[in-house]
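Data block below; observations after.
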Amino acid sequence: MKESKDRMRVLPGDRVAVSEEFLPGARTYEDSGVIRALAAGVIAKDMKSMEISIEPVAHPELIKVDDWVTGQVEGSQANSANVHIYFLNGKPTYKDFSGMLSLRGLTGGGRGARRTTPVKTGDVVRCRVFSLVNGIIHLSIDEPDMGVVAALCGNCGRPLLKGSATRVKCDECGNVEERKLGRDFGSAPIEP
Ligand SMILES: [Zn+2]
């Protein structure tokens, strides 16, 4: 029975107690009178047995098809962009996820058509997970709610403002850029 629990997060090696106070429990070890964490997690104290242990953080976060994620564009190629994922279904994720955003169909028509730029490096973008084939998190921004939610001016680095459905503008320097915008682009704070 756990009667007391503070939800302090610890990392492996962190000091969690001294051995005069507690006995080392699950996922801890004793090191010259100091009890340290063996695993990342939260501290759990059992006040009956006076054991201190570490509970692994929640459940492993697993991304599923149809989840939505929010992250930052780290680089883009002609038909895809890499997205570093920071939020899963609106909640911060502590795992290091990267996804591949498909830009096919968003970069403009065929031969002779003007190419557009749906996302740029540094943009904050909200994406739908549409496939997990080959262990890759495949993302799309086709839906109205998905797309860039915040971006900085390529000229002067100021936050860009919404101009039209597909354009953003910089009040500072007059720069106009194109993006595939999420419906709520430019709202502050950003809704992940
Ligand atoms: Zn600017």
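Per residue, how much accessible area does the chain have with a 1.4 Å probe, in Å²?
The answer is 58 Å² per residue.
What is the distance, in nm, between label points placed 7 Å from the Cα along the Cα-to-Cβ direction at Leu161 and at Val34?
5.3
Quick one: with all protein chains in place, what share of the accessible area of the chain is carbon or sulfur, to the nearest percent (1.4 Å probe)?
Accessible surface attributable to carbon and sulfur in the chain totals 52 percent.
How are the C-alpha pair distances of the chain spread across 5 Å bins, as whole percents from the shortest bin up?
1, 8, 14, 15, 12, 9, 8, 8, 8, 7, 5, 3, 2, 1, 0, 0
Given the peptides 88-94, 35-41, arrange them by the average over their residues of other C-beta atoms within 10 Å, most packed first.
Answer by packing, highest mean first, reads 35-41, 88-94.
Can you give the relative contact order of the chain as a percent, counting alpha carbon pairs under 8 Å and 6+ residues apart?
Here the relative contact order equals 14 percent.
Would you look at the GNM of the chain, springs on alpha carbons closer than 10 Å, and say which of Arg126, Arg15, Arg104 moves the most?
Result: Arg15 has the largest fluctuation of those listed.
Normalised radius of gyration for region 9-56, please: alpha carbon Rg relative to 2.2 N^0.38 Å, two decimal places.
Details: Rg = 9.1 Å, N = 48, 2.2 N^0.38 = 9.6 Å.
The value comes to 0.95.
Using Cα springs under 10 Å in a Gaussian network model of the chain, which residue among Lys48, Lys169, Lys120 shows the largest mean-square fluctuation?
Lys48
For Ser98, project a label point 7 Å along Cα to C-beta. Then give me every residue of region 122-164 with its amide nitrogen under 12 Å of that point.
Within reach of a label on Ser98, which here means backbone N under 12 Å from a point 7 Å along Cα→Cβ, region 122-164 contributes 137.
In what sequence, largest accessible area first, do Met8, Met50, Met146 appear using a 1.4 Å probe?
Per-residue accessible area, sorted high to low, gives Met8, Met50, Met146.
Sequence gap at least 6, Cα distance under 8 Å: using those rules, report the relative contact order of region 68-178 to the nearest whole percent.
Over region 68-178, the number comes to 20 percent.
Relative contact order (percent) for region 9-56, with alpha-carbon contacts under 8 angstrom and 6 or more residues of separation? Kindly include the intermediate steps, with their values, before the conclusion.
On the way: 114 pairs, mean separation 19.8, N = 48.
It comes to 41 percent, rounded to a whole number.
Once you sort the root eigenvalues of the Cα gyration tensor of region 68-178 as a ≥ b ≥ c, which label holds: rounded (a/c under 1.5), prolate (a/b larger than b/c) or oblate (the other case)?
Taking the square roots of the gyration eigenvalues as a ≥ b ≥ c, region 68-178 is oblate.
Please build a GNM for the chain, connecting alpha carbons under 10 Å apart, and tell me which residue among Ala81, Ala150, Ala165 fluctuates the most.
Ala165
The values are calculated or read from the model by the stated rules, or taken from the named source; none is laboratory data. All figures in this text were calculated on a predicted structure; none of them were measured in a lab. Here the Cβ is made from the backbone with ideal geometry for all residues, glycine too, and neighbour counts use every protein chain on show. Note: accessible area is taken over every heavy atom of the protein model, side chains too, but ligands, DNA and RNA are not part of it. Shrake-Rupley method; radii C 1.70, N 1.55, O 1.52, S 1.80 Å.
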